[in-house]
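Participant: One structure is given below, represented as structure tokens, and several questions about it will come after.
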Amino acid sequence: MREILAGPDFATFEPPVGNPFLAALGRWFTTFVEWVLEVIDRAPGVASALAILIPVLALLAAGVLVVRRRRGAVRRTAEGQDADVEETPVTPTEWLRLASDRAGKGYLRSAATALYQGFLLTLDQRGTLAFHPSKTPGDYSMEIARDYSAGTDARAGGRFLNSFQGFSFGQHDPSSDGYADLTRLAREAGCPTDVPDVESEKAAGTG
């Protein structure tokens, strides 16, 4: 029986290259089998029972660990995919809807970023500014000040941009009241922040 346990099927375990978890599991299993061999040497009367029972239990335990680890990896992958499923908005309405959704879930800084994008694209459609990803809030402030379009308050636009920078990049944690002030400034600058959700929009289209 000792010869069987010392054979290559039990004494060694070669994990796939580059998998540290299986490598550690293989080292543990080899150490465990060596311990079993020592027990058999010291108590030959229980050799037969141990030779069958202990390796089986060890293999079962290793299998449980592998299954749990794989389930955890699958769960993390699924969660990551769920996060990536969120499509990048294109229109001002989509950005503003995303801002409302994120704010409702408590992700205020992320909501402010979406609100900022919706604000810029709204004013871009009106010709108040020319949106470009490389521009800074300061660039947009100057554009708004130069083009005082109908329905757009340049001072409110500048205040929104300044508040957005403080809200998103300031040292203090964002608050619901702060986000409410940010949306108010966006409205005052000509950006409608109250947009219908997708279901309401569909219902209105079919009604």
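The values are calculated or read from the model by the stated rules, or taken from the named source; none is laboratory data. Computed from a predicted structure; not experimentally measured. Quick reminder, even Gly has a Cβ in these numbers, built from the backbone with ideal geometry, and neighbours come from all protein chains shown. Surface areas here come from the heavy atoms of the whole protein model, side chains and all, with no ligands, DNA or RNA. Shrake-Rupley method; radii C 1.70, N 1.55, O 1.52, S 1.80 Å.
Participant: Taking residue 129 as the residue in question, decide whether it is aliphatic (A, V, I, L, M) and modelled with pLDDT of 90 or more.
Facilitator: no
Participant: Here's something else I'd like to know. Take the residues in the range 183-201 that are of a type outside the set (Gly, Ala, Ser) and modelled with pLDDT under 85; name whichever of them is least open to solvent (accessible area, probe 1.4 Å).
Facilitator: The residue in question is 195.
Participant: Right, next: Test residue 107 against the stated conditions and say whether it is at pLDDT 90 or above and open to solvent by 80 Å² or more (accessible area, probe 1.4 Å).
Facilitator: yes
Participant: Hey, can you tell me all the residues within the range 173-193 that are under 23 Å from the mean Cα position of the chain (by Cα) and either in a loop (DSSP other than H, G, I, E, B) or within 18 Å of residue 121 (Cβ to Cβ) (or both)?
Facilitator: Passing the criteria: 173, 174, 175.
Participant: Restrict the check to the range 156-164 and report whether at least one residue is of a type in the set (S, T, N, Q), touching a helix residue (DSSP H, G or I) at 6+ places or on another chain (Cβ under 6 Å) and modelled with pLDDT of 90 or more.
Facilitator: yes
Participant: How many residues are open to solvent by 80 Å² or more (accessible area, probe 1.4 Å) and more than 18 Å from residue 129 (Cα to Cα) when one looks only at the range 150-165?
Facilitator: 0
Participant: Only one of 141, 168 is polar (S, T, N, Q), assigned to a helix (DSSP H, G or I) and either open to solvent by 20 Å² or more (accessible area, probe 1.4 Å) or under 14 Å from residue 191 (Cα atoms) (or both); which?
Facilitator: The unique qualifying residue is 141.
Participant: If you take the residues in the range 122-138 that are out of contact with any Asp or Glu (no Cβ under 7 Å at 6 or more places or on another chain) and surrounded by 21 or more Cβ atoms within 10 Å (Cβ to Cβ), which one is nearest to residue 87 (Cα to Cα)?
Facilitator: 122
Participant: What is the residue count in the range 85-125 for residues that are closer than 19 Å to residue 144 by Cα, in contact (Cβ under 8 Å) with a residue 60 or more places away in the chain and hydrophobic (A, V, I, L, M, F, W, C)?
Facilitator: Residues meeting the conditions: 3.
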